[in-house]
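Scroll down for the structure; my scribbles are underneath it.
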Amino acid sequence: MTVKRFIWAKTFRTFIIVPLFLQVSFQAQGAAPDFIPESPESKLTSEYVQLTEDGGRYGVAPDLGFCSEWNPEFSYNGYHCCKKFARTRKARAKSCFRQRAKASFCDERTAEQQRYVESVSSGKVSDVLSFLDNEIRRSSEQAFCTVNNGFLAQGRPILATASNRLLIRNAGRCVAFGTDRMAALTEWLGRQVVQKYAEAEYSNVKLLVGDVSAPRGGCLLGLSGRKGHASHTSGQDVDLGFLWARKNAQTPNEFYRTFDPKTNFWLVQNILQNPYACVRVIFLDRKHIRSLNKEINKHGSQEDRQFWAKMARFVRHAPGHANHFHVRVGSVSGAPGCTVDARPELEPEDENALPESNSEVLEVRIPSRSTAGSVAEFQTSDVVKVHP
Ligand SMILES: [Zn+2]
């Protein structure tokens, strides 16, 4: 009896457990890059349930074939559309795959994205805003999963041109890709700056565009492998520098803490009222929010105060935003909040946005090439690491 049991146990181990284990570990190593789970339907259903934990406001669940084509982290995600969302702050800080620590994300650009840059550069696309306006009308969903674990399909590079007064902070890293709505929002803001600061002595006033997303979205890690952002994964988050409107002064190609409440209230009003993308939330340090409040109460018109009474709740304090605005948009146009029951207070912060002193270590920067009159060129070789 005992001997029989022994033989059976040995047989079971050799012929059933071992092959099973081998198969599992073979799959776990990602040996089959195009592997798609056998029953995509059931997988999709369960992922969709995960997605709607946030009320389904962030996007939709696409099918696995689509995800394998677009999500740059699909294989790292264990062939899931959306990365499993880590619940604790500590786990989230570690949730980015090491392969995302890159000096540049330019290798993830699509041929279409490069064609678009050439078309704008050569003047084939002469009016970027009307081009984007058209694209918005006919394009389908571009942002998938949530802002913290998502990706971007058919992302649109945001470009500095003669007509928009945008300054792209890290052009050589290829991290200024957004949805068409995001691209239209920044283009429109850049043109508002042109109109507002039309006089010659203000011709160098520019809007500094920091990180948006990688060409196909996904985790944006700093070069050192430390987390760069918690969000910015789906082309719907943009970091914008404070507006610097001094006569005959050049806008620095770097974020800075100097905050002129009057100039920046103008910018906030424009961001919130833009016709292209509803704003879900703007993150800003509380001391700057206080100075906005003070400015509006002291010097604002009746209209300004009414506007602010309705809109102030969409401008929220979050740590790490003392030197830039973080603007999050939705996938439709319209009033801030994007839905009638908007809850900006529930928007996840960019938790891992590092304090500015540390973020300098994380970022790689290139000398600014995005001068008015020329489209910033993307050259991986231009990337220089300024700080150790
Ligand atoms: Zn940000």
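The values are calculated or read from the model by the stated rules, or taken from the named source; none is laboratory data. Being a predicted model, the structure only gives us computed values, none of them experimental. Cβ atoms come from the backbone with ideal geometry, glycine included; neighbour counts cover every protein chain shown.
When Pro336 is tested against (1) within 16 Å of the ligand (Cβ to nearest atom); (2) buried (at least 20 other Cβ atoms within 10 Å of the Cβ), exactly one condition is not met: (1).
Please tell me if Arg286 is modelled with pLDDT of 95 or more and within 16 Å of the ligand (Cβ to nearest atom).
Values: modelled with pLDDT of 95 or more: yes; within 16 Å of the ligand (Cβ to nearest atom): no.
Judged against the criteria, Arg286 is not a match.
Number of residues in segment 190-236 that are within 16 Å of the ligand (Cβ to nearest atom), touching a residue at least 60 places away in the same chain (Cβ under 8 Å) and out of contact with any Phe, Trp or Tyr (no Cβ under 9 Å at 6 or more places or on another chain): the value is 9.
Give me the residue from segment 292-319 that is outside any helix (DSSP H, G or I) and out of contact with any strand residue (DSSP E or B) (no Cβ under 8 Å at 6 or more places or on another chain) and, out of that set, nearest to Arg280 (Cα to Cα).
Pro319
Is it true that His232 is assigned to a helix (DSSP H, G or I) and buried (at least 19 other Cβ atoms within 10 Å of the Cβ)? So His232 does not fit the description; no. Could you please let me know if Thr258 is among the polar types (S, T, N, Q) and either buried (at least 19 other Cβ atoms within 10 Å of the Cβ) or part of a helix (DSSP H, G or I) (or both)? Considered against the rule, which asks whether it is among the polar types (S, T, N, Q) and either buried (at least 19 other Cβ atoms within 10 Å of the Cβ) or part of a helix (DSSP H, G or I) (or both), Thr258 comes out as no. In segment 315-333, the residue that is nearest to the chain's Cα centre (by Cα) out of those that are within 12 Å of the ligand (Cβ to nearest atom) and aliphatic (A, V, I, L, M) is Val327. Apart from one condition, Val279 fits all of (1) crowded, with 24+ Cβ neighbours inside 10 Å; (2) closer than 21 Å to Ala171 by Cβ; (3) at pLDDT 95 or above; the exception is (2). Counting the residues of segment 183-206 that are closer than 14 Å to Asn270 by Cα, in contact with a Ser or Thr (Cβ under 8 Å, 6 or more places away or on another chain) and buried (at least 24 other Cβ atoms within 10 Å of the Cβ) gives 0.
Against the numbered list (1) under 16 Å from Leu267 (Cα atoms); (2) surrounded by 23 or more Cβ atoms within 10 Å (Cβ to Cβ), Arg173 comes up short only at (1). Check off (1) farther than 21 Å from Asn274 by Cβ; (2) at pLDDT 95 or above for Val327 and give me the number that stays unchecked. Every condition holds for Val327 apart from (1).
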